[in-house]
1. Taking neighbour counts of Cβ atoms within 10 Å as a proxy for exposure, in what order, fewest first, do Arg85, Arg34 appear?
2. At what distance in nm do the modelled label points of Asn104 and Ala92 sit from each other, each positioned 7 Å from its Cα along Cα→Cβ?
3. Of the residues Ser99, Ser113, Ser158, which exhibits the maximal mean-square fluctuation in a Gaussian network model of the chain defined by a 10 Å Cα contact cut-off?
4. Compute, for region 5-171, the length of the dipole vector about the Cα centre, with Cβ point charges of +1 (Lys, Arg) and -1 (Asp, Glu) only. Units Debye, rounded to 20.
5. How many Å³ per residue does the convex hull of the Cα positions in the chain occupy?
6. Just want the answer: with Cβ charges of +1 for Lys and Arg and -1 for Asp and Glu, which residue in Met138, Asn104, Thr62 is farthest toward the dipole's positive end in the chain?
7. Where does each of Trp50, Trp126 land when they are ranked from fewest to most other beta-carbon atoms within 10 angstrom?
8. Sequence gap of 8 or more, or different chains, plus Cα separation below 19 Å: how many lysine pairs satisfy both in the chain?
Amino acid sequence: MKKLLPLFSCLILIGCGVLTSAQADDDPLEPLNRRIGTWANTTYQKQAAWTPEERTTTGEETIKWILDKKFIQIDVINVDGTKGRSLITYDAEAKVYRSWFFGNQNEFPRGESIGRWDPKADRMDWTLDFGGDLRGRMFLQFTGKDKMDWALAIRDGSGKLMMKTGGSQTRKQ
């Protein structure tokens, strides 16, 4: 579990954008559109059960539309050698966003990741179910056209903090 930093640095790639309520209602994929491009990232891990030592890594993410603009694909490479790919879409029937992450540290989709966009706050909130008694909450907050901050906490069923991570991203192009 110590190598979960790449998993959660990629989970932040969940799309969101700066929209008006009318724009989000007209096109629920528009929050994902905000993420298209190349981004520099900085990700930190705080001390918790899975992460006994605090650490920080940096990297680059390339994000593009795939499959007839039904999903965004996010590819991340960090300077510490961790790599990952995320897929994110909008589930029109359930009216939520869904994401899946795959990484080179044996990470793969487990449970559900459900996102909800708040256009007034320029923020997406996620609930994560990793199976067993592990649950997480994450937010992604745009702080400008080309900057985003995020944070994630995962707890077990007793409330014990298993992981606390977060970071920032800045658009490169």
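1. Result, fewest neighbours first: Arg85, Arg34.
2. That separation, rounded to one decimal, is 3.7 nm.
3. The residue that fluctuates most here is Ser158.
4. I would put it at about 200 debye.
5. Normalising the Cα hull of the chain by residue number yields 107 Å³.
6. Asn104
7. Least to most surrounded, the residues fall as Trp50, Trp126.
8. 22
Here, each number is a calculation from the coordinates, and none is a lab measurement. Only a predicted model underlies this, so the values are computations on that prediction, with no experimental measurement involved. When we count neighbours, we look across all protein chains shown, and the Cβ atoms used for this are built from the backbone with ideal geometry, even at glycine.
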